[in-house]
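The structure appears below as structure tokens.
The values are calculated or read from the model by the stated rules, or taken from the named source; none is laboratory data. This is a predicted model, so every value here is computed, not measured. Glycine gets a Cβ as well: all are built from the backbone with ideal geometry, and neighbour counts include every protein chain shown.
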Amino acid sequence: MLRKKILPLVALSVLVPTAVAFAQTDVFKQGTQEFTLGGSGSSNEDLDDTVLSTNFSYGFFTNPYMEWGVRQDLSFFDLGGGSDFNGSTRLVFDYHFGTGQLIPLLGVSLGYIYGDNVSDQFLAGPEGGLKFFVNDTTFIYGLVEYQFLFESADDIDEVYDDGRFVYGLGLGFTF
């Protein structure tokens, strides 16, 4: 008898918040702007070999689904023999599918990669990702880009000869 009363209460306590979380919200409107920020780093145990990386972007919506923006990646390497810097700057267009708490997106980017241990050159490619809204103005995002390089690479033993994958995870804000 007790199970017959507790099981429906447990089910309701799980289903109601889930339904509320995935309720449709109008997150993006024409004129909505967003800023994203992500980063990572690593060091050896003596803290003398270090790699730091950050990425950020600014975008604006021309309607609830289409976003135009600029994305910047910066990396700093201090690995014993000296320090190096790499970066890439890209213009992006993303199409967002839906207006709920979890919003998938597909897009394209066009930009330039530059730095101490890469061949400075133009790049372009597709991207896709997800934005998970934790409240009305804050989201966690994951993004995967494939970047076609316009020239053959002569850097780092041609690691990025034809292209490269770029992964991002971070926090974003709408305003």
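Summary table below
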| read-out | value |
| --- | --- |
| Any chance Phe93 is over 16 Å from the mean Cα position of the chain (by Cα), among the aromatic types (Phe, Trp, Tyr) and not in a loop (DSSP other than H, G, I, E, B) | no |
| Filter pass, Gly128 being at pLDDT below 95 and within 13 Å of the chain's Cα centre (by Cα) | no |
| Residue count for the range 54-78, restricted to those that are touching a His at 6+ places or on another chain (Cβ under 8 Å) and among the charged types (D, E, K, R) | 1 |
| Residues of the range 3-53 that turn out to be assigned to a loop (DSSP other than H, G, I, E, B), at pLDDT 70 or above and touching a Phe, Trp or Tyr at 6+ places or on another chain (Cβ under 9 Å), as a count | 6 |
| Checking Asn86 against (1) within 17 Å of Thr54 (Cα to Cα); (2) surrounded by fewer than 14 Cβ atoms within 10 Å (Cβ to Cβ), the condition it does not meet | (2) |
| Answer residue from the range 133-175, given it is of a type in the set (Asp, Glu) and part of a loop (DSSP other than H, G, I, E, B) and is modelled with the lowest pLDDT among those | Asp155 |
| Where Trp68 falls short, out of the listed (1) farther than 15 Å from Glu34 by Cα; (2) part of a strand (DSSP E or B); (3) not basic (Lys, Arg) | (1) |
| Tally of residues being in contact with a Gly (Cβ under 6 Å, 6 or more places away or on another chain) and either among the polar types (S, T, N, Q) or modelled with pLDDT under 95 (or both) across the range 54-72 | 3 |
| Enumeration of residues in the range 78-134 that are of a type in the set (Asp, Glu) and under 29 Å from Thr62 (Cβ atoms) | Asp94, Glu127 |
| The range 106-132 - residue that is in a strand (DSSP E or B) and among the small types (Gly, Ala, Ser) and, of those, surrounded by the most Cβ atoms within 10 Å (Cβ to Cβ) | Ser109 |
| Flag for Ile103 being touching a residue at least 12 places away in the same chain (Cβ under 8 Å), farther than 18 Å from Asn55 by Cβ and buried (at least 18 other Cβ atoms within 10 Å of the Cβ) | yes |
